[in-house]
Amino acid sequence: MMPALTPTQWAHFLSNGTVTDESGEAGLPCRDCGMLVSPPDGPVEVLTATERERAFPVSGGAPYVRVETIQPFEVQVTQCARCRTRNAAAADLVDDYPSLARSLGDRWYATLAFEAMLLVPEVAGMDWRSVVKGGQKSVRTAMRHFRPLGGTARWSSAITPTIRHDAHKPTGARWRHVSNDVIESFRKAYGEMLADLTDGPRLVGPPEGTEFRTAMRGCLLCGVGAVSAMRNQVEYVWGPLRAADSGLLGGRRRPDDLYGYLCPRCSHAVASIGPGIGPTGMEKALFAFLEVQPPVLPAGHTPKFGQTTVQLENLRAWCTLPTGTGPNVTPWAHVPDLGTLARGLREASAIR
C-alpha cells in the first residue's frame, strides 16, 4: 500500500505509475476535492489503480490515448474537513428519504449518489446546504439533475481503476483538477434545477415532427393547439408522432395518412382502446373531455359491430378539416353545437 506522498511523488506516480523516494512534505489527497491533506485527520480509504493511460501527440488533433496495464497500486486517500461535513449530510439524507434511497440501490450506492448530488452545487460555487433545506421537492429535483454529474468531479475518479493521462496531482487548493467546462456544466445544471423548482406550468404546442414528417399544429383529434405542462414535462407531454387515417375519423378518404400528435387527454383515451387511432378512440376522447359516459343503447336496438352504446353521427376529428384550418383554442371547438351535444349526452346518461 502506498504511504502518504509528496506533491512531487504524486506527479511522478500519475505520469509513470511508479513512486520515487524524493523527500518533502507528505500527505494524502482528499478523495473528492483533491486538496493535499497534511497531516491526514480524516478517514483513510484505499483505492486500487490497475491501469494507466498514455497520451501520444497527434498533429492537428486530439492526442492518441493508449491504456496500459500496470502493477496494481493500492492508493490511500482521505477526506478534508469540508468534504467530510458535506458527505456526512449526504449520509443523513439516506435516512431522511428512505423511499428515494431504495430507488437508488443498496445503502452503499445510495450514499454515493447523495454525495454526488451535493457535490455539484459546491463545485459550481453554490451552497449545497440550500438543497437540503429545500425539503423533499428540492432533494428529488436535485437528484434528478445532479446525480449523473457529481461523481465525475471527484479527484479519485481520475486515478482508479485507471490513472488518466490528464490526472492532476494533489494541490493546496480545492477542486483545482476540475476544468472550466465541467464547472460551467454544473452551473447550468444548477440553473435548470432552480427553474424546475420555481417555474410554474406553461402552454406547450405540439412538436414540429421529424425531418421526414411534418406534424399538424394541433391535436389530431380535439384540435387543441397547446397544453399546460411543467418545465420538465415539455419534451414528452405530446407523446410520439402518430399517423391517422382521415377516412376513419369522419373525413374524406385520402391516399396518404395524416401525421401529428395527441394531447394527453386524447392520448389516454385512445390508449385504453388500442394502439391505433380509430372512430371508437375518437368518441372516447370526446366523452373524456365532456366528462360523460357513453349512453347505453335503448332496449330493442340492435348493436352495430358489437357496440352497445350510442354512437355519434358525423363526428369529425380536427385533423380531417380543410387544409389550413388553425388549431383550436379549446378542445373540440370545431364540433358544431358542442354545448347542446354535451347536455344531451348527460341527460341520456342520467336517464340510464
- Item | Label-to-label distance, nm, for residues given as Glu313 and Thr50 (7 Å Cα→Cβ offset) | 7.7
- At a 1.4 Å probe, what is the % contribution of carbon and sulfur to the accessible area of the chain? 53
- Scan [x] 1.19; [y] 1.50; [z] 1.07 for the value of Cα Rg over 2.2 N^0.38 Å calculated from this model and give just the label. [y]
- Message: Suppose the chain between Arg84 and Ala173 were pulled fully straight at 0.36 nm per residue; how much longer would it get relative to their current alpha carbon spacing?
- Response: 30.4 nm
- Report, to the nearest 10°, how far helix 107-123 tilts away from the longest principal axis of the Cα atoms in the chain, using its own Cα long axis and a range of 0 to 90°. 80
- Message: Leaving out ligands and nucleic acids, and using a 1.4 Å probe, what accessible area per residue does the chain come to in Å²?
- Response: 54
- Item | Convex hull volume per residue in cubic angstrom - Cα atoms of segment 66-200 | 134
- Query: If each of Gln293 and Met230 carries a label point 7 Å out from its Cα toward its Cβ, how far apart are those two points in nm?
  - Reply: 3.2
- With R₀ set to 35 angstrom, the calculated FRET efficiency between the beta-carbons of Ala243 and Arg343, to the nearest 0.05, is 0.55
- Item | For a label point 7 Å along the Cα-to-beta-carbon line of Ala195, residues of segment 119-159 with backbone N under 17 Å | 141-146
- Using Cα atoms only, what is the angle between the long axis of helix 81-96 and the major principal axis of the chain, expressed in degrees (0 to 90) to the nearest 10? 40
- Item | Helix 180-198 vs. the chain, principal-axis angle (Cα, 0 to 90°, nearest 10) | 40
- Where a Cα-Cα gap under 19 Å defines reach, which aspartates and glutamates qualify for Lys137, not counting those fewer than 8 residues away within the same chain? Asp92, Asp95, Asp96, Glu115, Asp127, Glu192, Asp196, Asp199
- Query: If Glu291, Glu122 are ordered by their accessible area, calculated over protein heavy atoms with a 1.4 Å probe, which sequence runs from highest to lowest?
  - Reply: Glu291, Glu122
- Message: Using amide H atoms built in the peptide plane, which far-off residues or other-chain residues are under 5 Å from Ala215 H to H?
- Response: Gly209, Thr210
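The values are calculated or read from the model by the stated rules, or taken from the named source; none is laboratory data. Worth saying up front: this structure is predicted, and the values here are computed from it rather than measured. Every residue, glycine as well, gets a Cβ built from its backbone with ideal geometry; the counts of neighbours run over all protein chains shown. With ligands, DNA and RNA removed, areas are computed over all heavy atoms of the protein, side chains included. Shrake-Rupley method; radii C 1.70, N 1.55, O 1.52, S 1.80 Å.
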